[in-house]
1. In Å, the Kirkwood hydrodynamic radius of the chain over pairs of distinct alpha carbons?
2. Relative contact order for the range 3-156 using alpha-carbon pairs under 8 Å, separation at least 6, rounded to a whole percent?
3. Would you kindly state how much longer the chain becomes between Arg136 and Val51 on full extension, computed as 0.36 nm times their sequence separation minus their alpha carbon distance, in nm to one decimal?
4. Return, ordered by residue number, the residues of the range 67-93 whose backbone nitrogen is under 19 Å from a label point located 7 Å along Cα→Cβ of Thr2.
5. Using all Cα-Cα distances in the range 30-81, what percent lands in each 5 angstrom bin from 0 up to the longest?
6. Between Glu124 and Val15, what length comes free when the chain is fully extended (0.36 nm per residue of separation minus the Cα-Cα distance, one decimal in nm)?
7. Simple spin-label model, 7 Å along Cα-to-Cβ: Leu62 to Ser43 in nm?
8. Helix by helix through the chain, keep the DSSP H runs that span 24 Å or more along the axis on Cα and average at least 0.5 on Kyte-Doolittle, and give those back in order.
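Nothing in this text is a laboratory measurement; each read-out follows from the coordinates by a stated rule. Not measured: the values here are computed from a predicted model. Here the Cβ positions follow ideal geometry from the backbone for every residue, glycine too, while neighbour counts run over all protein chains shown.
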Amino acid sequence: MTIWGALAGGVVGTVVLTSTLRIAQAAGWTRMDIPLLIGTMFSDRRGRASVIGYAVHFLNGLGFAVVYWAIFRAVGHAGWAFGAVLGLVHAMFAGGALVNTILPAVHPRMGTPWSDAEETPILEPPGFLLSNYGRRTAITNIIAHVAYGAIIGGFATGLW
C-alpha cells in the first residue's frame, strides 16, 4: 500500500468521477455541475468559474486520495472493495452533510433556506443528497464516488 498508488488512483478516480457526473448532466439525469458549484465560490464569471472549479475539484480529488490512503494505513488493509465502501461513505457525507449543510452557509453565490427576496444568488442550494439538482443526482453521485473509492483502493494495493 503506497501513497503514490493512492495518488495515482486519485488522479484516475477523479477523472472517472468527474466524467461520470458530466455525462449524467449531458444525459439530463442531473443538473449538478460540481466544477461550477466550486468555481462560483471564487468568481461570478461562468467560464472562469468552471476552469477554477475543475482545478479545485481535481486538487480535492488528490486530497481525498490521501485521506483514503491514511484510512487504509490506519486499518492495515486496502483494496478495491474497501475503497468502494469508503467511496459510499464519502458520497453520503459529501451529499448528505457537507454540500447540503456547509456549502450553502459559506458559498457567496448560493441561495440558502434563510435567503431573503432581496438577495440574488445564482445557484440553487443542493438539498439533502443533492436532490434539488434532479431525482437521479443522488444515485449518480453515489455510483461515481463508489467507483472513485474502488479505483483508489485498487491502485493503493497495486491491483491496477
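1. It works out to 16.0 Å.
2. Numbers: 244 pairs, mean separation 59.7, N = 154.
Reported relative contact order: 39 percent.
3. Extra length available between Arg136 and Val51 comes to 28.1 nm.
4. 67-74, 76-80
5. 5, 20, 18, 15, 12, 11, 10, 7, 2, 0
6. Taking Glu124 through Val15 to full extension adds about 36.7 nm, to one decimal.
7. 1.9
8. Numbers: long enough: 3-26 (34 Å, 1.29); 46-75 (42 Å, 0.96); 137-156 (28 Å, 1.40).
Counting only whole DSSP H runs, the qualifying helices are 3-26, 46-75, 137-156.
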